[in-house]
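The values are calculated or read from the model by the stated rules, or taken from the named source; none is laboratory data. Remember, predicted model here, so these are calculated numbers, not experimental data. Here the Cβ is made from the backbone with ideal geometry for all residues, glycine too, and neighbour counts use every protein chain on show. Note: areas computed on protein heavy atoms with side chains; ligands, DNA, RNA excluded. Shrake-Rupley method; radii C 1.70, N 1.55, O 1.52, S 1.80 Å.
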Amino acid sequence: MDTVEILARLVAFRSVVGTPNDGIVGWVQAYLQGLGIHVTVLPGPEGDRSNIFATIGPRDAAGYILSGHMDVVPAGEPGWTSEPFALRKEADRLYGRGTTDMKGFLAAALAAAPELARANLARPIHLAFSYDEEAGCRGVPHLLARMKELCAPPQGAIIGEPSRMQAVRAHKGKAAARVTVGGRAGHSSRPDLALNAIHAMSRVLNSAVDEARRLTLGPFDPVFEPPYSTLQAGIVSGGLALNIVPDNCRLDLEARAIADVAPEELLAPIRHSAEMLREQGFSVDWTSLSAYPALSLAKDAPLAALLEEMTGRPSLAAVSYGTEAGLYQAAGIDAIICGPGDIERAHKPDEYILEDELEECRQMILALAARCTRS
């Protein structure tokens, strides 16, 4: 199967974030095992979705990981001109949900796998395919927790998020949380007998706004846009009717942190503000939705030099979006971003990738194999 044929198969799996992924996992497992490649399926604690880890070459030598996620965002937004889960080719464009983010990278890696399997690799190339990355990198920590039993310590990991095949050395970390405030319902004519959860949440929201403003004052890291950590409220919901004092209100918020700043710590002042509401009789529930650290790879790191050599392009200092790369680095594995497609096409109707981008990625993987082959 060539890269486009493999991509068509991958796109056809509705592996939407937060849903079972046994279909795509089973297909990838069978495909790789058919090539004689050692594959380990790693079920997550959810019980209905799994990571995949495959090794091509000797497992006891230090090699490289090609990392990508199998999940995609939902495709219910208006504007699609064809079925999102059926690959459509138009000129050199390949349309479908996940073509750029990031089943294109998976397809390029799987298309290269037969040649990798035939190569006499002195150092292994591993394929690490995760689940629920789109929900805040929830799947890959379970894979990383078992890395010691899967292979020798790797020399580096290439995370194939769409970067137009330019290596990227840094991204911000992220933490997301949900705070739910419970009050006491009542008729709006007697608010004195009730506890208005929306009014109470306004204090938490004001705290978030204040913290967001404070972060604009620094600290700064000029490689990022904007060059400071950020915080925002994304969803506020509550209440049933205008004449009912609301007894429940929910706020979802996120923080994105520059390197050397823990994203969870940026949310701490807002959490404190929420918990203070208990003194006034409100119930408060704080739930962490996701968290991953920033990536920060030195410009002169060997992995950066390797990717610059293989792609023929200088590495980029940083991007605004987040990836699993920070989790690999936190686990002691040097990581860098480099993959086909453009992030500007992701999470939009008529998402697409170019055939030339897929082939460029496949050639990069073959170039990596050449560097891992016995002389």
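Name every residue in segment 185-235 that is open to solvent by 80 Å² or more (accessible area, probe 1.4 Å), closer than 22 Å to Asp260 by Cα and in contact (Cβ under 8 Å) with a residue 60 or more places away in the chain, in order of residue number.
Result: Glu225, single match.
Among the numbered conditions (1) more than 28 Å from Asp356 (Cα to Cα); (2) open to solvent by less than 40 Å² (accessible area, probe 1.4 Å); (3) among the charged types (D, E, K, R), tell me where Arg169 comes up short.
Single failed check for Arg169: (1).
Would segment 257-264 turn up any residue that is touching a helix residue (DSSP H, G or I) at 6+ places or on another chain (Cβ under 9 Å) and at pLDDT 95 or above?
Yes, there is a match, as at least one residue in segment 257-264 is touching a helix residue (DSSP H, G or I) at 6+ places or on another chain (Cβ under 9 Å) and at pLDDT 95 or above.
Under 21 Å from the mean Cα position of the chain (by Cα) and within 14 Å of Pro58 (Cα to Cα) - does that describe any residue in segment 134-150? Let's see the steps before the verdict.
Taking segment 134-150 first, the residues under 21 Å from the mean Cα position of the chain (by Cα) are 134-147.
Imposing the further condition that a residue be within 14 Å of Pro58 (Cα to Cα) reduces the set to none.
No.
Do any strands (runs of 3 or more DSSP E) lying entirely in segment 201-298 carry at least 3 residues that are in contact with a Pro (Cβ under 8 Å, 6 or more places away or on another chain), and which ones are they? Don't jump to the end; show me each part of the working.
Values: elements: 230-238, 248-257, 283-292.
Fully inside segment 201-298 and qualifying: 248-257.
Exactly one of (1) open to solvent by 10 Å² or more (accessible area, probe 1.4 Å); (2) outside any loop (DSSP other than H, G, I, E, B) is unmet by Ile158. Its number?
Exception for Ile158: condition (1).
Since Phe129 meets every condition but one in (1) in a strand (DSSP E or B); (2) over 14 Å from the mean Cα position of the chain (by Cα), which condition does it not meet?
With (1) in a strand (DSSP E or B); (2) over 14 Å from the mean Cα position of the chain (by Cα) applied to Phe129, the lone miss is (2).
Take the residues in segment 319-375 that are in a loop (DSSP other than H, G, I, E, B) and at pLDDT below 95, then tell me which one is surrounded by the fewest Cβ atoms within 10 Å (Cβ to Cβ). Lay out the reasoning, then the answer.
Of the residues in segment 319-375, the ones in a loop (DSSP other than H, G, I, E, B) are 319-324, 331-334, 338-342, 346-351, 372, 374-375.
With the extra rule that they be at pLDDT below 95, the set shrinks to 319-322, 374-375.
Values: Val319: 22, Ser320: 12, Tyr321: 16, Gly322: 24, Arg374: 9, Ser375: 4.
Out of the qualifying residues, it is Ser375.
Looking at Arg93, is it among the charged types (D, E, K, R), touching a strand residue (DSSP E or B) at 6+ places or on another chain (Cβ under 9 Å) and more than 25 Å from Ile353 (Cα to Cα)? Don't jump to the end; show me each part of the working.
Numbers: among the charged types (D, E, K, R): yes; touching a strand residue (DSSP E or B) at 6+ places or on another chain (Cβ under 9 Å): yes; more than 25 Å from Ile353 (Cα to Cα): no.
No: the conditions fail for Arg93.
Please verify whether Ala175 is in a helix (DSSP H, G or I), open to solvent by less than 10 Å² (accessible area, probe 1.4 Å), closer than 25 Å to Leu267 by Cα and in contact with a helix residue (DSSP H, G or I) (Cβ under 9 Å, 6 or more places away or on another chain), treating the condition exactly as stated. Please lay out each step first, then the result.
Working: in a helix (DSSP H, G or I): no; open to solvent by less than 10 Å² (accessible area, probe 1.4 Å): yes; closer than 25 Å to Leu267 by Cα: yes; in contact with a helix residue (DSSP H, G or I) (Cβ under 9 Å, 6 or more places away or on another chain): yes.
Against the criterion (in a helix (DSSP H, G or I), open to solvent by less than 10 Å² (accessible area, probe 1.4 Å), closer than 25 Å to Leu267 by Cα and in contact with a helix residue (DSSP H, G or I) (Cβ under 9 Å, 6 or more places away or on another chain)), Ala175 does not qualify.
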